[in-house]
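This report refers to the structure that appears directly beneath it.
The values are calculated or read from the model by the stated rules, or taken from the named source; none is laboratory data. Keep in mind the model is a prediction, meaning the values are calculated, not measured. Neighbour counts run over all protein chains shown; Cβ positions are idealised from the backbone, glycine included. Only protein heavy atoms, including side chains, enter the accessible area calculation; ligands, DNA and RNA are left aside. Shrake-Rupley method; radii C 1.70, N 1.55, O 1.52, S 1.80 Å.
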There are 2 protein chains.
Amino acid sequence: MDAPYKYDLILKNVGRFIELNDSEKDLFKSLLTEGSAKRKEFVMQPGEITKHEYYVTKGCLKVYSLDRNGVQHVSMFAIEDFWTGDMASFMLQQPSTYYIKALEDTEFLMISKSNFERLFKEIPKFERFYRNLYQRSLVSYVRRTNEGISLTAEERYEIFLNKYPHIANRITQKDLAAYLGITPEFLSMIRSKMSKR
Amino acid sequence: MDAPYKYDLILKNVGRFIELNDSEKDLFKSLLTEGSAKRKEFVMQPGEITKHEYYVTKGCLKVYSLDRNGVQHVSMFAIEDFWTGDMASFMLQQPSTYYIKALEDTEFLMISKSNFERLFKEIPKFERFYRNLYQRSLVSYVRRTNEGISLTAEERYEIFLNKYPHIANRITQKDLAAYLGITPEFLSMIRSKMSKR
DNA sequence: CAGAAAAAATAAAGTAGTTTAAGAAAAGTG
DNA sequence: CACTTTTCTTAAACTACTTTATTTTTTCTG
């Protein structure tokens, strides 16, 4: 196989922040479940209580919600090596308000709430891993929140293209518009305006 | 004194997620520094490399940045029992882009980058504390990001009033508008429209 | 508590982004 | 590869929010 084996991928991801010995690696792997979703299939829907956090090893997931007018708002796109899920629902075990849908045939590893707790009990340094992971996510969400209230749609679009070029060319403009918080029509206008420069 | 002593306050905050024995409490306290700022005084300015994370024990801090047109955008208001700072600058030790300014005479406890690392080394369960703290912050920033791109200013204003009524009546409308990402004039219009209902 | 400074309110004109609609291009499916 | 469905583009009318300007109200400071 060309792509790294999914467990090597997640161990490398974890290895950014903590070192594990072989038995810890085995224990960690044993607490994960494998999952997959065909293109257009839902991994999760509103109303469900989130049972897992997801780590994508192949493909692309779209995490989004519908507002009261039925308009989609994309919270994130998760491609290879991304962690995703609905943290609020997972953490507090309350019904989610999000859809998670596969945009491509997707494979992922999952960790359940109880295994998540067990992981911390058995290998406490995973607290450190997730502390670092969340710290980084927090930094990027703080930035994105500020961008959302201070920049124009065109500026946010350019930032997305620069930051996630490999995501931008895998998703539709419609989905990208839903991530930027604008209509597909307006994104189309922005693009034609930009290409004329 | 009426207000709980500042160290009791922070220990209670930490106690939400981890239990400390007396010697751990003493060690933790020894790693903190006390600080204060008079109304209108800056705690931090852009260009500085953030040396501390802050825990407010009294008063109110405003964390904000200026965009290229000189318009203020407020990232957060930190009142008693709030943790704040510029995480990106603190974590990566690179120059900050934020101002932190006291809106009232304010007192806080600070932890330096090196003491932060030492804390994790000496009392590893603090990894758990910060893992939980960041996990919660992440949940609220994910929500705020989505609100920013999917709701009208009026809706976001109502959410703020419901969620932080005790903050809303301590800050100016100008600062609140800068938090919502709108002009003070438009917030004023929203308010007069709402009061006519 | 008086004078200065800052914040808030109101209003008119302007702009970023939406809505609706219709046709062209691209992609999914048998 | 034809057909259906979805996405993308373009454009005109509309709305949420900004800009600029002026007046009123509140807050700060000596």
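Observations on the model:
- Number of the condition not met by B:ARG144 [criteria: (1) assigned by TED's automatic domain parsing to the domain that holds B:LYS101; (2) of a type in the set (Lys, Arg); (3) open to solvent by 60 Å² or more (accessible area, probe 1.4 Å)]: (3)
- Residue check, B:GLN72 within 16 Å of DNA strand D (Cβ to nearest atom) and either surrounded by fewer than 20 Cβ atoms within 10 Å (Cβ to Cβ) or under 20 Å from A:ARG128 (Cβ atoms) (or both): yes
- Selection status of B:MET110, of a type outside the set (Phe, Trp, Tyr), at pLDDT 95 or above, open to solvent by 50 Å² or more (accessible area, probe 1.4 Å) and out of contact with any helix residue (DSSP H, G or I) (no Cβ under 7 Å at 6 or more places or on another chain): no
- Every residue from the range B:48-67 that is more than 23 Å from B:THR172 (Cα to Cα) and open to solvent by 50 Å² or more (accessible area, probe 1.4 Å): B:GLU48, B:ILE49, B:LYS51
- Residue pairs meeting the criteria (Cβ under 6 Å; at least 6 apart or on separate chains; first away from chain A (no Cβ under 14 Å) and at pLDDT 95 or above, in the range B:175-197; second away from DNA strand D (no atom under 12 Å from the Cβ) and in a helix (DSSP H, G or I)): none
- Leading residue by the ranking (farthest from DNA strand C (Cβ to nearest atom)) among those in the range B:169-185 that are farther than 23 Å from A:ARG144 by Cα and out of contact with any Asp or Glu (no Cβ under 8 Å at 6 or more places or on another chain): B:ASN169
- A:ARG170 being under 16 Å from the mean Cα position of the chain (by Cα), more than 30 Å from B:ARG131 (Cβ to Cβ) and either open to solvent by less than 10 Å² (accessible area, probe 1.4 Å) or not aromatic (Phe, Trp, Tyr) (or both): yes
- The residues of the range B:173-191 that are of a type in the set (A, V, I, L, M), within 12 Å of DNA strand D (Cβ to nearest atom) and open to solvent by less than 50 Å² (accessible area, probe 1.4 Å), listed by number, are B:ALA177, B:ALA178, B:LEU180, B:ILE182, B:LEU187, B:ILE190.
- The criterion of at least 1 residues that are among the aromatic types (Phe, Trp, Tyr) and touching a His at 6+ places or on another chain (Cβ under 9 Å) is met, among strands (runs of 3 or more DSSP E) falling completely within the range B:1-102, by B:60-66.
- Breaking point among (1) more than 12 Å from DNA strand C (Cβ to nearest atom); (2) among the β-branched types (Val, Ile, Thr); (3) surrounded by 20 or more Cβ atoms within 10 Å (Cβ to Cβ), for A:ILE149: (1)
- If you go through the range A:186-197 and keep only what is polar (S, T, N, Q) and near DNA strand C (Cβ under 10 Å from one of its atoms), you end up with just A:SER188.
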